[in-house]
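Worksheet for the structure shown next.
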Amino acid sequence: MGYYKHHVFFCLNERPEGDRQSCNRCGASEMQLHAKDRIKALKLAGPGGVRINKSGCLDRCEEGPVIVIYPEETWYTYVDKSDIDEIIDEHIVNGRPVERLKI
Ligand code: FES
């Protein structure tokens with residue numbers, strides 16, 4: 001097993017208004033903090049568990065906001081906190097990918 005069981009990257013890239021779509025203009029920073037808090041509350045944070053990281057542009061901007069979870073390399077988009085909660089509860093806790101949010 002890797003150092004983390006699940007390593008989650010949230011694109012937090014932000015472009016100026018009028019430019020191409022970017023994840024941080026869709027609330028990515030708030031969602032990344034929400035995910036971090038929830039993983040901590042579930043006592044899953046740390047080595048052998050889950051790491052929630054920020055990332056720069058992952059180059060899937062038009063499909064965003066995006067996250068990617070390794071080692072599975074599963075890509076998701078999301079709209080709100082309930083989508084993030086579903087990804088954490090289903091994919092990370094129960095090992096069942098959330099098909100409706102995959103990209
Ligand atoms: S801005 Fe998020 S993938 Fe490019």
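The numbers here are math on the coordinates, done by the rules we state, and not lab data. It should be emphasised that the depicted structure is a prediction, and the values quoted were computed from it without experimental measurement. Note: ideal-geometry Cβ built from the backbone for every residue, glycine included; neighbour counts use all protein chains shown.
Tabulated values for the structure
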read-out: The range 41-90 shape via C-alpha gyration tensor axes, a/c threshold 1.5; value: oblate
read-out: Taking the range 13-101 and dividing mean pair separation by its residue count, relative contact order in percent (alpha carbons under 8 Å, at least six apart); value: 26
read-out: Net charge of neighbours whose Cβ lies under 11 Å from the Cβ of Glu90, counting Lys and Arg as +1 and Asp and Glu as -1; value: -3
read-out: Sequence ranges 91-97, 12-18, ranked by mean other-Cβ count within 10 angstrom, highest first; value: 91-97, 12-18
read-out: Nearest 10 degrees, 0 to 90: helix 28-41 Cα axis against the chain principal axis; value: 10
read-out: Per-bin percent of Cα-Cα distances, the chain [5 Å]; value: 3, 14, 25, 26, 18, 9, 3, 1, 0
read-out: Estimated dipole of the chain in Debye, rounded to 20 [Cβ of Lys and Arg +1, of Asp and Glu -1, Cα centre]; value: 420
read-out: Reach of Lys43 by Cα under 19 Å, taken over aspartates and glutamates that are not fewer than 8 positions away in the same chain; value: Asp85, Glu86, Asp89, Glu90
read-out: Integer Hz, Karplus 6.51/-1.76/1.60 couplings in order for the range 50-56, x for Gly and Pro; value: 10, 10, 9, 10, 8, 9, x
